Amino acid sequence: MENDREEYLESQLRNNSITVRDFIRGLILSDRFRRGNKDCNNNYRLAEQVVARALRRKAYNEEEGQTSSIIIAEKGFNYFIDYILNSNE
């Protein structure tokens, strides 16, 4: 939707100032994502949403969801985002 856009990030991506990976990182760390997802979900559900949006897949199994939830709890959300985006996927 028009009001969900991150025009600054889009502009940077269009101008090749950032990579697609950095664009996705920016979207997931945006205030819009935080308000609509991070602030209103538990770590398990948040991990599911990040995997779905960043990697375009569901968690492989419950264990992956639990492991991701623990990473968020112990190391923080920003660490988890880097963990996901820096993976081989």
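For the stretch 64-89, a tally of residues being in contact with a Lys or Arg (Cβ under 9 Å, 6 or more places away or on another chain) and hydrophobic (A, V, I, L, M, F, W, C) returns 3. Of all the residues in the stretch 43-89, those that are surrounded by 11 or more Cβ atoms within 10 Å (Cβ to Cβ) and in a loop (DSSP other than H, G, I, E, B) number 4. Note on the stretch 19-56: residues that are touching a residue at least 12 places away in the same chain (Cβ under 8 Å) and charged (D, E, K, R) amount to 6.
Entry remark, the stretch 1-31: residues being more than 18 Å from Gly76 (Cβ to Cβ) and loosely packed, with under 13 Cβ neighbours inside 10 Å number 15 in total.
Just to verify a result, which residue in the stretch 1-42, among those that are part of a helix (DSSP H, G or I) and of a type in the set (S, T, N, Q), is modelled with the lowest pLDDT? This residue is Asn3.
The values are calculated or read from the model by the stated rules, or taken from the named source; none is laboratory data. Since this is a predicted model, take the numbers as computed values, not measurements. Using ideal geometry, Cβ is built from the backbone for each residue, glycine included, and neighbour counts are taken over all protein chains shown.
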